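*Asks:* Sharing a structure below in structure tokens format, with a few things to ask.
The values are calculated or read from the model by the stated rules, or taken from the named source; none is laboratory data. Nothing here was measured: the structure is a model prediction, and the numbers come from that model. Neighbour counts are summed over all protein chains in view; Cβ atoms, including those assigned to glycine, are modelled from backbone coordinates with ideal geometry. To get the accessible areas, we keep the full protein, side chains included, count just its heavy atoms, and leave off ligands, DNA and RNA. Shrake-Rupley method; radii C 1.70, N 1.55, O 1.52, S 1.80 Å.
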Amino acid sequence: MILNLPKEEKIKAPAQVDIIKTWIWTEKGLYLLDQRKLPLEEKYILCDNIYKIRNAIRDLVVRGAPAIGICAAIGFAIEFKNYVSNIKKEEILKNKIEEEIGKISNLLATARPTAVNLFWAISKMRKLCLDFLENFKRKVPKKSLLELAEILEREALIIWEEDIKANLKMAEFGKGLLPEGGILTHCNTGALATGGYGTALGVIRKTSENKKKILVFVDETRPFLQGARLTAWELSKLKIPYKIITDNSAGFLMKRGEISAVVVGADRIAKNGDTANKIGTYSLAVLAHYHKIPFFIAAPSSTFDLQIESGEEIPIEERSPTEVLTCFKSKIAPPKSQAYNLAFDITPGDLITAFITEKGIILPPYKENILKTIKNED
Ligand code: MRU
């Protein structure tokens, strides 16, 4: 996966991160590895304005809760810089800038509804702008806005770097929890879905680096096939043994004793531990409970939504029926068939054995322990 950039194009980040480079940020914009095309093609798309970044998030060029948050932060920084660069006057009215910040925030926030990391990152960037503007009365000099554009770039980089650090910490905390044997995972939670390394897949990666004998069972994850296309692609690059299974195989494999634990990621976790994740996660949790198999969620604190009491309040994205009715652009159902394409489901907290976070392992009772561990500092 090599992106041949012209020599003169300065790279902002990453200096180095992982063997899997989900994106590369240069002075020209954000090059996103097009996840719709993996594993058949490894192609990057250049996103140099907010519309391209928003569409990339909406259309799953980039996906996975932490990755969406980081891309939104970078998109915010890129668009603010574009805006300031086009200002002709030496000074600009403060309310015009606030309007622009509102526009950028709204555009990004409407890309996808479920992953809270998106809103978490936008609100961090927006707050930084508003705090900065507090220093001015009615007008702001252009040179101060250029300074703010630099601050926003730095903040986006911090959000990215902090996510990688969180993944590495989660992996350290989680590696002792996973037993040897068959580990089942759903969707994609690796470097492609995060700043680097991964959440659930990061824990699996570290467990395997620690020479525990594991075989990863990868749910194919219909309809977008995040498992069969993306997780399998990452695992093969990492040389970790895996087998792809159809989404309906899990129960029988559990019954036959072939699964020792399930570990998945999350898109939003409520105060009581109810967790939104890729559709199919709830069924896995019910099956794991029935077969008395541990069921873990690995997620950074940016995925916890401490504003909401339970999963009832989590908006569930409904995507186009076309995703279900076609496979690689070929129609797979009779003409005029309807499809119901919910992208996420909610797993009740009481089906979850533990949360693996960068702040430590959280055990039940979640109503008390989530709040104690994940303090809402923002
Ligand atoms: O629709 P997607 O591919 O964005 O859904 C992703 C998931 O559900 C992941 O499991 C979740 O975001 C955790 S990623 C570390």
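*Asks:* Let me spell out the model: positive unit charges on the Cβ of Lys and Arg, negative unit charges on the Cβ of Asp and Glu, origin at the Cα centre of segment 266-353. What dipole size does that give, in debye rounded to 20?
*Replies:* I would put it at about 540 debye.
*Asks:* Between L30, L225, L146, which gets the highest mean-square fluctuation from a Gaussian network model of the chain, Cα cutoff 10 Å?
*Replies:* L146
*Asks:* Now, a different point. State the extension gain, in nm to one decimal, for the chain segment bounded by N86 and E323, taking 0.36 nm per residue of separation less the distance between their alpha-carbons. Write out the running numbers ahead of the final one.
*Replies:* On the way: separation 237, 0.36 × 237 = 85.32 nm, distance 3.89 nm.
Stretched fully, the N86-E323 segment lengthens by 81.4 nm.
*Asks:* Fully extended, how many nm does the chain gain between E134 and L168 (0.36 nm per residue separation, minus their Cα-Cα distance)?
*Replies:* Answer, rounded to one decimal: 8.6 nm.
*Asks:* How much accessible surface area, in Å² rounded to 10, belongs to the heavy atoms of S337 with a 1.4 Å probe?
*Replies:* For S337, solvent-accessible area is about 40 Å².
*Asks:* What figure in square angstrom, to the nearest 10, would you give for the accessible area of F119 with a 1.4 Å probe?
*Replies:* Near enough 60 Å² of accessible area.
*Asks:* Taking just the alpha-carbon atoms of segment 23-168, what radius of gyration and Dmax come out, in angstrom?
*Replies:* Taking only Cα atoms of segment 23-168, I get Rg and Dmax of 15.5, 54 Å.
*Asks:* Between rounded, prolate and oblate, where does segment 169-322 land on the alpha carbon gyration tensor, with a ≥ b ≥ c its root eigenvalues, rounded for a/c under 1.5, else prolate if a/b exceeds b/c?
*Replies:* Details: a/c = 1.36, a/b = 1.26, b/c = 1.07.
Rounded, since a/c falls under 1.5.
*Asks:* For segment 184-245, just say rounded, prolate or oblate: build the C-alpha gyration tensor, square-root its eigenvalues into a ≥ b ≥ c, call rounded for a/c under 1.5, and beyond that prolate if a/b exceeds b/c, oblate if not.
*Replies:* Cα axes put segment 184-245 in the oblate bin.
*Asks:* What does the charge add up to near V84, with Lys and Arg as +1, Asp and Glu as -1, over the other residues with Cβ less than 13 Å from its Cβ?
*Replies:* -1
*Asks:* Highest GNM mean-square fluctuation, the chain, Cα pairs closer than 10 Å: which of A73, A261, A339?
*Replies:* Checking each option, the largest mean-square fluctuation is seen for A339.
*Asks:* Once you treat every alpha carbon in the chain as an equal point and sum by Debye, what is log10 I(q)/I(0) at q = 0.09 Å⁻¹?
*Replies:* Log10 I(q)/I(0), no solvent term: -0.51.
*Asks:* Considering only C-alpha atoms, what is the centroid distance from segment 277-336 to segment 124-156, in Å?
*Replies:* Between the Cα centres of segment 277-336 and segment 124-156 lies a distance of 38 Å.
*Asks:* Return the single residue from E180, E41, E172 with maximal mean-square fluctuation; model: Gaussian network over the chain, springs between Cα atoms under 10 Å.
*Replies:* In this elastic network of the chain, the residue with the biggest mean-square fluctuation among E180, E41, E172 is E41.
*Asks:* Also, I was wondering about something else. Can you tell me how segment 243-338 classifies by the Cα gyration tensor, rounded, prolate or oblate, using a/c under 1.5 as the rounded cut?
*Replies:* Oblate, because a/c is 1.5 or more while a/b does not exceed b/c.
*Asks:* For the cross-link pairs K127/K375; K21/K81; K43/K331; K124/K206; K255/K331; K213/K292, which exceed 28 Å when the distance is taken from alpha carbon to alpha carbon? Mind showing how you got there, number by number?
*Replies:* Numbers: K127/K375 19 Å; K21/K81 24 Å; K43/K331 25 Å; K124/K206 30 Å; K255/K331 34 Å; K213/K292 21 Å.
Too far apart for the 28 Å limit: K124/K206; K255/K331.
*Asks:* Let me spell out the model: positive unit charges on the Cβ of Lys and Arg, negative unit charges on the Cβ of Asp and Glu, origin at the Cα centre of segment 75-160. What dipole size does that give, in debye rounded to 20?
*Replies:* My answer is approximately 220 debye.
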